[in-house]
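*Asks:* Below are the structure tokens for one structure; questions will follow.
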Amino acid sequence: NLPRGDAADTLKQFATAAGTPIVYLVDRVRGTTTNAVAGEFTPRDALDRMLAGSALEAAQDAATGALVVSRKRLTEAAPRTGEVGPVYDPQPKPKTTAMTSKPRSLFAALVALIAGNASAQTPQTQPTERSKGTVVLSPFEVTEGSDKSYGALNSASITRFNVEMDKLPVSADIFTEAFMKDIAASSVEDVIQGYSAGAGYASGPDNGASSAANNQPGDRNGNAYIQLRGMNTPQIQRDGFMPVGAFGNPGSTGVGRTDSFDLERIEVINGPQAMLYGGGGAGGVINVNSKAAPFNTKLKGSTLFRVDQYGSKRGEFDLGFGNKWVAVRVATLNETSSSRRVNIGGTTYGQYGQLAFRFFQETVPTTIRISTSTTFSRRRLNAGLSLTAPQVFIAGSLAKAADSRNGMSLKYLLATNQTGATNPVTGVAYGYGPILNGKLNWNNVDSFGAGALQDPVSNQLYTATVDTKWSSWLTTQVAGGYDNFTERRINSGVTFYAPNAGLNTTSDWAMGNTPSDAWQPARTKAGRVAALITKDFFGGKAKTQTLFGTDFVRTDYAIINYNWWEADANWKIIFAPDSTIKSANSGRTPLPQQRWSVNDGPVLYPFADPSFDRAVYGGVNYVREINNQPQPNLVTPANPMGLPNTTTYNRTKIFNKAYYGVNYTEWLDGKLTTLFGFRQGDYISDRMSSGNGKTRWITKGSATNFNLGVDWNLNRWLHPYTSFSDSVQVPFVATTDPLGDTMQSSHGIGGEAGLKFNTTDRRFSGSIAAFKVTAQNDIYGINGSIAQGINPSGLNGGGGGSSVNVDRVTTGVQAQFTAALTRNWRMRFSSNVGDGKIGTAKSYDQLYNDQFYANSAGQVTYRNGVVVYVKGDATSVVEATVLAPTEPGATPLTINMMSTPTSIYWTNPNLTSGAINSGSITANILKGTKNTDNINANGPILTGATLLPISNLQLNKQLAGIVTPGIIVATRVGDKTAGSPERSFNFTSVYTFSETVLKGFSIGGTASLSWGNRSFYYYATPVTAANALTLRRTLFYAPNGQQFNVITSYARKLGRYHWSTQLNVSNIFNRYAIRLVPNATTGFNTPTAINATFYQQPRSMLWTNTISF
């Protein structure tokens, strides 16, 4: 399985595979194309087949056994059709007779110098079918061939066996290790988003204002996916069969991030590809290849150190070696990342290793590869804060009016120049003066919760493959893997307080934090058994490779919320007397909000690190424990996990198994190639959840998928092709639709037709294709604020997901090519023009999930009808507590008090859904916080009812300013798909000087352009009950992208070592934009709902130094 290609590359591959010394002058063989060779041959036979019909020939030195390749004499080298004949080469053919001892030693030295990594062996003069000199390559492994630039000649990802790319009727965008090094890439997602034209990234295609403003480097977007051809790509596959990372949150190193330190290349396979991958987005599949342990290779490796102007440091080490029977590859990573935003960053550690063995080469050649990859990442996240500057009450009277900026996003205030002492338009002084005493800026606005908002992620991946060649026509592969992904998302509630505002009783600007987190483990097991049959038919006119196999994937995933509870001196949680598991908080006392001064700017860790399980706050011990602890005695059909309350405790199991077949045939000596495949699969999804009125969903299904394609070898460099394929996608999100119903499986079908080209000298290669992809019942993300407007997460529970099943279609034209204009000049280009539309309308009735007990007088009561009394003359939210009816200042809590913005018991409801703000003081009163005795005596204040019609809303809508449409539209027929650009272009080029004083220097760069960057839909006009069904939404476009990067480097050889230094400058012209981002339901009409963000990042630099040997 040696590829067709330039002799300068393929002869080196031959030497590595054969373990046989081979001598040639690189400049003499460069530019000559050798033939592809697949099968089992002696080294000499394989080499003769490679060189057949070319201008090269092989001879064998009798004294050393080395193979010598040189050009044929003029009379011996006949030109091929359409090629210029060989130029006369006066170099004499090497003699094959014995040499004298001195020349022999010189020749051996030359062999050692040129052959380098290949170990010597004595060839068999009379080879048998499987002699000790036989070259036996696994057809399941890709022989790394390359054109003369950034292209790749071969891939095993499309068919699962090694095939030349230009003969496959499927398009793919492949990023080689050389390209990733030039652009200084460190993650798969960065490569695809930045350099694969047409790719996008969104939290669901309709990703909404909150996610649109959460797009900076290092931000975490849950349920966010790369978009290929306008469709979601839910998971990344590793080595063709192993999905890695969390279920519903792609990325194996962290959510949305897959580090490339242990990868050799990235392959984006376009179109539906469930035939081999058991499910995937209709737009394509992403496969990454692990670094392989190299056989027949002397010790080689590299060490890399990289820094940037923000203080980030990254170190990598890569080492590989092997003989004919055993090979080893190890790689390590140590990274500390920072950014222009203070405290936003983190650490990443990684270790990778692979052991490879070859056995039974004389009988049944077998290759075993055992790999492990372990990573740990901990990121500090952005806070996305709003200003809390409400009115101040003294003795029950309003003493200070609310600042007019109260409730507005800090980034919105920065973008509109409202952070100073006075309103820039009216000149009126703000109630609280300049925010943060004038110290708030774009570098620290996201940084005030950094220590309290973390995302620790660990991942352990283990895989093993066994390839066995049973005969000249049968090869099998058995593979298995296990991935252990654990995320602990520390998503504490954080608040930015003005002096003396809200719970902040100090005269300082302050932060408040209530620690909590969500544990999100995912365990994935995968296995595959495949058999490859290689046969020729019709007298060799049809050369076929047929693969049959079966595979399975199982993923177990959970989301479990944790909180901090008061404990005694022995770290045992304290339970209230007479409390039960179903009491408020199960009788435990939660950690109250902690506050600290930020007058001098962000503070990273003002208290204990929240990633620990024990902490001391204010001299009191607190322990981290599950909020909603399952109880075996509470298990019923309606409560299968035995949960005592409605806080988040979700578990999901996905099982997917199938059998498949693939046939690849070269007809008429490669003039025509065909690809046909099928897959018959079954899947089961079992999801159990808390808190939304429904507890369990079991979905079963089966599907038959196909791939069909034809590639025509029009001439030596041009290949017209067409293909059709489909896929089925098992629900890949642990969410529901807005009503709480589980997602259904989706079906995608796609077709493309185009041209592939690859010149005989491998200097130019690429493809252009027109495509159409149709997705039926596709899982489509709607904006979170729309989902919350339909079914809000209320005090009683409820709350649906932000996904819906819809039909949609995308069409477009996609092109990519790599080129080498000269030996030292490499380039890569990709471009995409695409469009997409929604074919399904979805609208929902609004629901209510905050119902509490109240009497006919509008007073809030306990379940038994006893009125709830509060401190009516409270001077701050600290004093706004429940009182006994006989205590001084006791006043009945009324609905009007909860609905009045100037009341200290104002619930600050959502103005579209009427949902009570869970962080308000009244929400805590309704939930019974610190009111255990009254709750135990009189029953709860909340009814526990969920999914009630919006007509049950109890707040005074007129007083509160609430406008409930009654019906909310999620999607409309004809809506355009979002999450990727309509037109995009990416070009990378690097030139290396090989002569003059500039020898060793390289210069180049990247130009990335995009237009029509569809972000999400929003309502430009407020939605009301009167216009809910007719009002059209407006599509929000992000600014056009125009980014130019510079790549410059210098390399020098120092003995056996090779040193290089490289500078990558991103956004050399420093072009970026700060834009306001509308709210999906209120547009630009409600200032407290508007956000702002950067589009493109300011100029940045990476400096990389590498030593290789």
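The values are calculated or read from the model by the stated rules, or taken from the named source; none is laboratory data. Keep in mind the model is a prediction, meaning the values are calculated, not measured. Note: ideal-geometry Cβ built from the backbone for every residue, glycine included; neighbour counts use all protein chains shown.
*Asks:* Looking at the range 543-592 only, could you name the residues that are hydrophobic (A, V, I, L, M, F, W, C) and either under 30 Å from Lys671 (Cα atoms) or without any contact (Cβ under 8 Å) to a residue 60 or more places away in the chain (or both)?
*Replies:* If the condition is that a residue be hydrophobic (A, V, I, L, M, F, W, C) and either under 30 Å from Lys671 (Cα atoms) or without any contact (Cβ under 8 Å) to a residue 60 or more places away in the chain (or both), then Leu547, Phe548, Ala567, Ala569, Trp571, Ile573, Ile574, Phe575 are the ones that fit.
*Asks:* Would you confirm whether or not the range 321-334 contains a residue that is closer than 30 Å to Gly271 by Cβ, crowded, with 21+ Cβ neighbours inside 10 Å and either out of contact with any helix residue (DSSP H, G or I) (no Cβ under 7 Å at 6 or more places or on another chain) or in contact (Cβ under 8 Å) with a residue 60 or more places away in the chain (or both)? Working first, answer last.
*Replies:* Initial filter on the range 321-334 (closer than 30 Å to Gly271 by Cβ): none.
No, the range 321-334 contains no residue that is closer than 30 Å to Gly271 by Cβ, crowded, with 21+ Cβ neighbours inside 10 Å and either out of contact with any helix residue (DSSP H, G or I) (no Cβ under 7 Å at 6 or more places or on another chain) or in contact (Cβ under 8 Å) with a residue 60 or more places away in the chain (or both).
*Asks:* Could you tell me whether the range 990-1005 includes any residue that is of a type outside the set (Lys, Arg), out of contact with any His (no Cβ under 8 Å at 6 or more places or on another chain) and within 30 Å of Gly794 (Cβ to Cβ)? Lay out the reasoning, then the answer.
*Replies:* Going residue by residue through the range 990-1005, those that are of a type outside the set (Lys, Arg) are 990-998, 1000-1005.
Narrowing the set further to residues that are out of contact with any His (no Cβ under 8 Å at 6 or more places or on another chain) leaves 990-998, 1000-1005.
Cutting the leftovers down to within 30 Å of Gly794 (Cβ to Cβ) gives us none.
So far as the range 990-1005 goes, no, none of its residues is of a type outside the set (Lys, Arg), out of contact with any His (no Cβ under 8 Å at 6 or more places or on another chain) and within 30 Å of Gly794 (Cβ to Cβ).
*Asks:* Can I ask one more? Output the number of residues of the range 180-232 satisfying the condition of being assigned to a helix (DSSP H, G or I) and at pLDDT 70 or above.
*Replies:* 11
Every residue, every condition in (1) in contact with a Cys (Cβ under 7 Å, 6 or more places away or on another chain); (2) in contact (Cβ under 8 Å) with a residue 12 or more places away in the chain; (3) surrounded by 15 or more Cβ atoms within 10 Å (Cβ to Cβ); (4) not small (Gly, Ala, Ser), yes or no:
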{"site": "Ser989", "(1), (2), (3), (4)": "no, yes, yes, no"}
{"site": "Gly1004", "(1), (2), (3), (4)": "no, yes, yes, no"}
{"site": "Arg1014", "(1), (2), (3), (4)": "no, yes, yes, yes"}
{"site": "Thr1024", "(1), (2), (3), (4)": "no, yes, no, yes"}
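*Asks:* Can you list the strands (runs of 3 or more DSSP E) lying wholly within the range 1030-1074 that have 1 or more residues being closer than 30 Å to Trp442 by Cβ and modelled with pLDDT under 95? Lay out the reasoning, then the answer.
*Replies:* Working: elements: 1034-1038, 1041-1054, 1057-1066.
Output list reads 1034-1038, 1041-1054.
*Asks:* Could you say whether any residue in the range 625-633 is buried (at least 20 other Cβ atoms within 10 Å of the Cβ) and over 28 Å from the mean Cα position of the chain (by Cα)?
*Replies:* yes
*Asks:* Quick one: is Gln235 buried (at least 24 other Cβ atoms within 10 Å of the Cβ), under 26 Å from Phe376 (Cβ atoms) and modelled with pLDDT under 85?
*Replies:* For Gln235, the condition - buried (at least 24 other Cβ atoms within 10 Å of the Cβ), under 26 Å from Phe376 (Cβ atoms) and modelled with pLDDT under 85 - is met.
*Asks:* Which condition number in (1) surrounded by 15 or more Cβ atoms within 10 Å (Cβ to Cβ); (2) within 27 Å of the chain's Cα centre (by Cα) is the one that Leu1031 fails?
*Replies:* Unmet condition: (2).
*Asks:* Mind checking which residues of the range 793-823 are under 28 Å from the mean Cα position of the chain (by Cα), assigned to a loop (DSSP other than H, G, I, E, B) and buried (at least 24 other Cβ atoms within 10 Å of the Cβ)?
*Replies:* Across the range 793-823, the qualifying residues are Gly799, Gly800, Gly801, Ser802.
*Asks:* Okay, moving on. Just to verify a result, which residue in the range 675-718, among those that are surrounded by 17 or more Cβ atoms within 10 Å (Cβ to Cβ) and of a type in the set (S, T, N, Q), is nearest to Asn35 (Cα to Cα)?
*Replies:* Asn713
*Asks:* Also, I was wondering about something else. Just to verify a result, which residue in the range 935-963, among those that are touching a strand residue (DSSP E or B) at 6+ places or on another chain (Cβ under 6 Å) and assigned to a helix (DSSP H, G or I), is surrounded by the fewest Cβ atoms within 10 Å (Cβ to Cβ)? Show your work before the answer.
*Replies:* Residues of the range 935-963 touching a strand residue (DSSP E or B) at 6+ places or on another chain (Cβ under 6 Å): 941-942, 946-948, 950, 952-953.
Filter again for assigned to a helix (DSSP H, G or I), leaving 950, 952.
Values: Ile950: 19, Asn952: 14.
Per the criteria, the residue is Asn952.
*Asks:* Do you know which residues across the range 616-643 are outside any loop (DSSP other than H, G, I, E, B), touching a residue at least 60 places away in the same chain (Cβ under 8 Å) and not charged (D, E, K, R)?
*Replies:* Ile626, the sole residue that qualifies.
*Asks:* Then there's this: Name every residue in the range 846-859 that is in contact (Cβ under 8 Å) with a residue 60 or more places away in the chain and touching a helix residue (DSSP H, G or I) at 6+ places or on another chain (Cβ under 7 Å), in order of residue number. Don't jump to the end; show me each part of the working.
*Replies:* Narrowing the range 846-859 to residues in contact (Cβ under 8 Å) with a residue 60 or more places away in the chain: 846-854.
The answer is Gln846, Leu847, Tyr848, Gln851, Phe852, Ala854.
*Asks:* Filter the range 648-697 down to the residues that are of a type in the set (Ser, Thr, Tyr) and either farther than 20 Å from Thr722 by Cα or not in a strand (DSSP E or B) (or both) and list them by number.
*Replies:* Within the range 648-697, Thr648, Tyr649, Thr652, Tyr659, Tyr660, Tyr683, Ser685, Ser689, Ser690, Thr695 qualify.
*Asks:* Within the bounds of the range 1097-1108, is there any residue that is among the aliphatic types (A, V, I, L, M), within 24 Å of the chain's Cα centre (by Cα) and either at pLDDT 95 or above or over 30 Å from Ala197 (Cβ atoms) (or both)?
*Replies:* yes
*Asks:* Now for a separate question. Given the criterion modelled with pLDDT of 95 or more and closer than 22 Å to Ile183 by Cα, identify the matching residue among Gly320, Gly345, Gly350. Spell out how you get there, then give the answer.
*Replies:* Values: Gly320 fails: closer than 22 Å to Ile183 by Cα; Gly345 fails: modelled with pLDDT of 95 or more.
Answer to the selection: Gly350.
*Asks:* Restricted to the range 23-40, and to residues that are part of a strand (DSSP E or B) and at pLDDT 75 or above, which residue is nearest to the chain's Cα centre (by Cα)? Can you show your working first?
*Replies:* Narrowing the range 23-40 to residues part of a strand (DSSP E or B): 23, 33-34, 37, 40.
Cutting the leftovers down to at pLDDT 75 or above gives us 23, 33-34, 37.
Values: Val23: 45, Thr33: 39, Thr34: 39, Val37: 37 Å.
In this case the residue turns out to be Val37.
*Asks:* Continuing with this model, one more query. Using the structure shown, decide if Ile266 is within 30 Å of Trp1059 (Cα to Cα) and buried (at least 24 other Cβ atoms within 10 Å of the Cβ).
*Replies:* Against the criterion (within 30 Å of Trp1059 (Cα to Cα) and buried (at least 24 other Cβ atoms within 10 Å of the Cβ)), Ile266 qualifies.
*Asks:* If you don't mind, there's one more thing I want to ask. If Ser337 satisfies every condition in (1) among the polar types (S, T, N, Q); (2) more than 25 Å from the chain's Cα centre (by Cα); (3) buried (at least 21 other Cβ atoms within 10 Å of the Cβ) but one, which is the exception?
*Replies:* (2)
*Asks:* Hey, among Thr674, Thr695, which residue is at pLDDT below 90 and either among the β-branched types (Val, Ile, Thr) or more than 18 Å from Pro731 (Cβ to Cβ) (or both)?
*Replies:* Thr695
*Asks:* I need the full set of residues from the range 563-588 which are crowded, with 19+ Cβ neighbours inside 10 Å and either out of contact with any helix residue (DSSP H, G or I) (no Cβ under 6 Å at 6 or more places or on another chain) or part of a strand (DSSP E or B) (or both), in order please.
*Replies:* Residues satisfying the conditions are Asn563, Trp564, Trp565, Ala567, Ser583, Asn585, Ser586, Gly587, Arg588.
*Asks:* Any residue in the range 1092-1104 that is within 30 Å of Ser386 (Cβ to Cβ) sitting within a Cβ distance under 8 Å of a residue that is surrounded by 18 or more Cβ atoms within 10 Å (Cβ to Cβ) and among the aromatic types (Phe, Trp, Tyr)? List the pairs, counting only those 6 or more apart or interchain.
*Replies:* Pairs that qualify, where the first residue is within 30 Å of Ser386 (Cβ to Cβ) and the partner is surrounded by 18 or more Cβ atoms within 10 Å (Cβ to Cβ) and among the aromatic types (Phe, Trp, Tyr), are Ala1092/Tyr412.
*Asks:* Find all pairs meeting these conditions: Cβ atoms under 7 angstrom apart; at least six residues apart or on different chains; first residue within the range 798-817 and among the aromatic types (Phe, Trp, Tyr); second residue in a strand (DSSP E or B).
*Replies:* Between residues of the range 798-817 that are among the aromatic types (Phe, Trp, Tyr) and residues that are in a strand (DSSP E or B), the close pairs are Phe817/Phe764; Phe817/Ser765; Phe817/Gly766; Phe817/Phe829.
*Asks:* I'd like the full set of residues that are assigned to a strand (DSSP E or B) and small (Gly, Ala, Ser), limited to the range 978-997.
*Replies:* Within the range 978-997, Ser984, Ser989 qualify.
*Asks:* Looking at the range 1075-1089, which of its residues are within 27 Å of the chain's Cα centre (by Cα) and outside any strand (DSSP E or B)?
*Replies:* Pro1078, Ala1080 - these are the residues of the range 1075-1089 that are within 27 Å of the chain's Cα centre (by Cα) and outside any strand (DSSP E or B).
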